[in-house]
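The values are calculated or read from the model by the stated rules, or taken from the named source; none is laboratory data. All of these numbers come straight from a predicted model, not from anything done at the bench. For neighbour counting, all protein chains shown are included, and Cβ atoms are generated from backbone atoms with ideal geometry for every residue, glycine included. All accessible areas refer to the heavy atoms of the entire protein, side chains included, with ligands and DNA or RNA removed. Shrake-Rupley method; radii C 1.70, N 1.55, O 1.52, S 1.80 Å.
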Amino acid sequence: MLSGNPVIQKKGVFVGLLSVALLLSACGQQDTDPTAPDTATPGATVSTAALVPGALTLATSLASDAASPDNTSWRSRDDSMSTYWATQDTSSTQWIRYDLGSAKTVGALAVAWYNGAAQKYSFSVAVSNDAVNWKTVSTLTSSGTTAAAERYDLPDQSARYVQINIAPNSAAAKFGIFEAAVLGADTTTVAPAPAPAPAPAPSDALTPESFGARGDGVTDDTSALRALFSAANKQAKPIAFGANKTYLTGRTEGYQYNLTTNNLVVQGNGATIKVKDGTSTATSLYVIRIAAQNVTVENLTVDANRAGRPAISNWNQYAWFVDGGSVNVRLKNIRGLNSPVDNLYIRDQVGPSPSTSDATYPRDIYVENAQMLNAARNNASIISSKNVYITGGQYNGANGALPQAGIDIEPNQADIFGNNGVFITGVETSNNKGGGVEVAGPYNKNISLKDVVSNSNGTAFFAAPDGGQIQVSGLSASNYTTNASATERNGFISLVPGGRTGSRVILENMTLNGINSSLPSVHQNYQGTVTIRNTRINSYSGARPVVEAKPAEIYDIYRDGVKIQ
């Protein structure tokens, strides 16, 4: 199965120009993988009885995939409605399996679904006594109307293993289960699962309406919003937008709406600030700019409306901008849509350029469960920063102007302290014409990707290391064909020489499915310390080597379930 002339060293490490064919099933934690099932904490009894009286004790569980280390199958049986199992791979069948420890009479199933009040799940239930031979006992659909646990009656029978098989639904962002329980025969009681209540607005919060805004999606609310943000900064008071309202804005300043006072809180309540049709791109427009400490913004959308605006002539066009001087900024469940350039832009423009120090670089920036969609250049650009944490969310559909990435970590030459610490966990970066995630330019170090889903991009991951460590630990990618971006980079996961040698690069726990191209799945010609391990590839159609690499540590490589040693 190996082509070329690999040198086989001890402990299964290959060094040399290596051409490998790899493994994986789309489901992440298959029985054939060396991933152990989630077991209970030693000494603990896991019964889910707190939520579902009469539930049978679950000894262990196993899932086809997990969106992050905090979303493993264990979370669906930990007696907590604040945690859940989840997968972001909704385009293929996903499953979660429960082991009762020994054969017991199974008569019903109770499930509190992730997003159960808005999302319907089509699924089947199968049982087995050996986890090999399965019998489907019921095919069902959830109501899609409740966050509470739903009970599903099953034909009474003896089984040790119970498996839920969720049918594909690519329109869903995630599949998930807050809590599940297997019940014995004739069990009828299911306790409702409490839905989390929205946080109330502070009593002293300022509202757009108090400054004359309408929020009807028709009225120009620019003046009212300017007055609102100005008052919030002067009075150090929180802001609360009207629930699900749309506020139209034009441009009166380059930094249109500023958060420059420490400790500000903005509650979006599902509202949208949308740039008006016809708003010029001839001058800069940063719709919301943050340059302060301890700022929190949640559940607010900025729609920069690229389709409704003239062709771009000034490239400073951003929906969200985190500027220099920002420390401990938390952006929760925000959205950036349709920017003529970037939806999210993180860079110090307060300090001098070129930088003389990183003292004012944005620091400790937390972006949680954001949606950044349909930007022309990048859905997120991280230019100069210290410790940016991007957790969950989607960065999808960048198209229009290079590099067209989901997330682009790329300092400018003037940002000579670059990015020190960017940690991306559990995000989706799909349908971008460039890379799902790109690490390029000078001065990047301590870059970490963990449990990232990257489907149908130009490339899944691209890096040009420049002396600092880069680690990818958990990357699931599917549906790749030859395209201009992949051809330029000679593969779908690609490392190429950066400005400096000497970087430590680790690529591990990667899954690539459905590579319909003559290009290699993984291409590596960076002259540094590179490790590629525990990599699985399915359904590769090309004639070239599946992995092309200059000297590197490469081991635990699979193709279609066959390990190459």
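Assuming Gly467 fulfils every condition listed in (1) of a type outside the set (Lys, Arg); (2) modelled with pLDDT under 90; (3) surrounded by fewer than 19 Cβ atoms within 10 Å (Cβ to Cβ); (4) in contact with an Asp or Glu (Cβ under 7 Å, 6 or more places away or on another chain) apart from one, which condition is it?
Only one criterion in (1) of a type outside the set (Lys, Arg); (2) modelled with pLDDT under 90; (3) surrounded by fewer than 19 Cβ atoms within 10 Å (Cβ to Cβ); (4) in contact with an Asp or Glu (Cβ under 7 Å, 6 or more places away or on another chain) is unmet by Gly467, namely (4).
Residues being small (Gly, Ala, Ser) and closer than 14 Å to Asn455 by Cα: count how many of those fall in the stretch 471-484.
4
Can you list the strands (runs of 3 or more DSSP E) lying wholly within the stretch 415-499 that have 1 or more residues being over 21 Å from the mean Cα position of the chain (by Cα) and closer than 21 Å to Asn396 by Cα?
470-481
Quick check: is even one residue across the stretch 450-460 closer than 29 Å to Ser384 by Cβ, out of contact with any strand residue (DSSP E or B) (no Cβ under 7 Å at 6 or more places or on another chain) and not aliphatic (A, V, I, L, M)?
Taking the stretch 450-460 as the starting set, the residues that turn out to be closer than 29 Å to Ser384 by Cβ are 450-454, 457-460.
Filter once more, keeping what is out of contact with any strand residue (DSSP E or B) (no Cβ under 7 Å at 6 or more places or on another chain): none.
Taking every residue of the stretch 450-460 in turn, none turns out to be closer than 29 Å to Ser384 by Cβ, out of contact with any strand residue (DSSP E or B) (no Cβ under 7 Å at 6 or more places or on another chain) and not aliphatic (A, V, I, L, M).
Take the residues in the stretch 360-380 that are crowded, with 24+ Cβ neighbours inside 10 Å and either small (Gly, Ala, Ser) or at pLDDT below 95 (or both), then tell me which one is farthest from Asn328 (Cα to Cα).
So the residue we want is Ala375.
Rundown of residues vs (1) surrounded by fewer than 24 Cβ atoms within 10 Å (Cβ to Cβ); (2) of a type in the set (Ser, Thr, Tyr); (3) over 15 Å from Leu495 (Cα atoms); (4) touching a strand residue (DSSP E or B) at 6+ places or on another chain (Cβ under 7 Å), yes/no style:
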residue: Gly514; (1), (2), (3), (4): yes, no, yes, yes
residue: Pro520; (1), (2), (3), (4): no, no, no, yes
residue: Arg533; (1), (2), (3), (4): yes, no, no, yes
residue: Ser541; (1), (2), (3), (4): yes, yes, yes, yes
residue: Pro545; (1), (2), (3), (4): yes, no, yes, yes
residue: Ala552; (1), (2), (3), (4): no, no, no, yes
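What are the pairs with Cβ atoms under 7 angstrom where one residue, in the stretch 344-358, is under 13 Å from Ser385 (Cα atoms) and open to solvent by 50 Å² or more (accessible area, probe 1.4 Å) and the other, located anywhere, is among the charged types (D, E, K, R) and not in a strand (DSSP E or B)? Sequence gap at least six, or different chains.
Between residues of the stretch 344-358 that are under 13 Å from Ser385 (Cα atoms) and open to solvent by 50 Å² or more (accessible area, probe 1.4 Å) and residues that are among the charged types (D, E, K, R) and not in a strand (DSSP E or B), the close pairs are Gln349/Asp323; Val350/Asp323.
Residue check: is Gly514 part of a strand (DSSP E or B), within 23 Å of Asn399 (Cα to Cα) and of a type outside the set (D, E, K, R)?
Answer is yes for this residue.
How many residues are open to solvent by 10 Å² or more (accessible area, probe 1.4 Å) and under 16 Å from Gly468 (Cβ atoms) if we restrict to the stretch 384-411?
3
Restricting attention to the stretch 222-245, which residues are in contact with a Gly (Cβ under 6 Å, 6 or more places away or on another chain) and open to solvent by 30 Å² or more (accessible area, probe 1.4 Å)? Steps first, please.
Of the residues in the stretch 222-245, the ones in contact with a Gly (Cβ under 6 Å, 6 or more places away or on another chain) are 222, 224, 241-245.
Of everything in the stretch 222-245, those that are in contact with a Gly (Cβ under 6 Å, 6 or more places away or on another chain) and open to solvent by 30 Å² or more (accessible area, probe 1.4 Å) turn out to be Ala243, Asn244, Lys245.
Filter the stretch 153-163 for residues that are out of contact with any Asp or Glu (no Cβ under 9 Å at 6 or more places or on another chain) and buried (at least 16 other Cβ atoms within 10 Å of the Cβ); which is modelled with the lowest pLDDT?
Leu154
Being modelled with pLDDT under 95 and over 23 Å from Ile424 (Cα atoms) is true for just one of Ser284, Ser357, Ser280. Which residue is that?
Testing whether each residue is modelled with pLDDT under 95 and over 23 Å from Ile424 (Cα atoms) leaves just Ser357.
Please determine, by comparing only the residues of the stretch 476-503 that are out of contact with any strand residue (DSSP E or B) (no Cβ under 7 Å at 6 or more places or on another chain) and either over 24 Å from Ile447 (Cα atoms) or basic (Lys, Arg) (or both), which one is most open to solvent (accessible area, probe 1.4 Å). Lay out the reasoning, then the answer.
To start, the set of residues in the stretch 476-503 that are out of contact with any strand residue (DSSP E or B) (no Cβ under 7 Å at 6 or more places or on another chain) comprises 482-484, 487-488, 496-502.
This time we only want the ones that are either over 24 Å from Ile447 (Cα atoms) or basic (Lys, Arg) (or both), so: 482-484, 487, 500.
On the way: Thr482: 77, Asn483: 41, Ala484: 85, Thr487: 75, Arg500: 119 Å².
The extreme case among them is Arg500.
Scan Val437, Val452 and give me the residue that is modelled with pLDDT under 95 and among the hydrophobic types (A, V, I, L, M, F, W, C).
Val452 is the lone residue from the list that is modelled with pLDDT under 95 and among the hydrophobic types (A, V, I, L, M, F, W, C).
For (1) open to solvent by 40 Å² or more (accessible area, probe 1.4 Å); (2) closer than 16 Å to Tyr98 by Cβ, each residue gets a yes or a no:
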position: Leu109; (1), (2): no, yes
position: Tyr114; (1), (2): yes, no
position: Lys120; (1), (2): yes, no
position: Phe123; (1), (2): no, yes
position: Thr136; (1), (2): yes, yes
position: Thr141; (1), (2): yes, no
position: Glu150; (1), (2): no, no
position: Asn165; (1), (2): no, yes
position: Ala181; (1), (2): no, yes
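Does Ile506 meet the test of being of a type in the set (A, V, I, L, M) and open to solvent by 10 Å² or more (accessible area, probe 1.4 Å)?
Considered against the rule, which asks whether it is of a type in the set (A, V, I, L, M) and open to solvent by 10 Å² or more (accessible area, probe 1.4 Å), Ile506 comes out as yes.
Report, by residue number, each residue of the stretch 280-337 that is within 22 Å of Val350 (Cβ to Cβ) and among the small types (Gly, Ala, Ser).
If the condition is that a residue be within 22 Å of Val350 (Cβ to Cβ) and among the small types (Gly, Ala, Ser), then Ser284, Ala291, Ala292, Ala319, Gly324, Gly325, Ser326, Gly336 are the ones that fit.
Considering the stretch 244-301 alone, what residues qualify as being in a loop (DSSP other than H, G, I, E, B) and acidic (Asp, Glu)?
Answer for the stretch 244-301, where residues must be in a loop (DSSP other than H, G, I, E, B) and acidic (Asp, Glu): Glu253, Asp277.
Can you give me the number of residues within the stretch 125-134 that are among the polar types (S, T, N, Q) and either under 29 Å from the mean Cα position of the chain (by Cα) or surrounded by 14 or more Cβ atoms within 10 Å (Cβ to Cβ) (or both)?
Applying the first criterion (among the polar types (S, T, N, Q)) to the stretch 125-134 yields 128-129, 133.
Checking which are either under 29 Å from the mean Cα position of the chain (by Cα) or surrounded by 14 or more Cβ atoms within 10 Å (Cβ to Cβ) (or both) leaves us with 128-129.
Qualifying residue count for the region: 2.
Would you be able to tell me the number of residues in the stretch 323-343 that are open to solvent by 20 Å² or more (accessible area, probe 1.4 Å) and over 19 Å from the mean Cα position of the chain (by Cα)?
Number satisfying all stated conditions: 3.
Restricting to the stretch 183-221, and then to whatever is at pLDDT below 70 and among the aliphatic types (A, V, I, L, M), can you tell me which residue is most open to solvent (accessible area, probe 1.4 Å)?
Result: Ala197.
What is the number of the single condition among (1) under 20 Å from Ala370 (Cβ atoms); (2) open to solvent by less than 10 Å² (accessible area, probe 1.4 Å) that Thr281 does not meet?
Going through (1) under 20 Å from Ala370 (Cβ atoms); (2) open to solvent by less than 10 Å² (accessible area, probe 1.4 Å) one by one, Thr281 breaks only (1).
Just to check your reading of the model, which residue among Gln317, Gln293 is touching a Leu at 6+ places or on another chain (Cβ under 7 Å), without any contact (Cβ under 8 Å) to a residue 60 or more places away in the chain and among the polar types (S, T, N, Q)?
It is Gln317.
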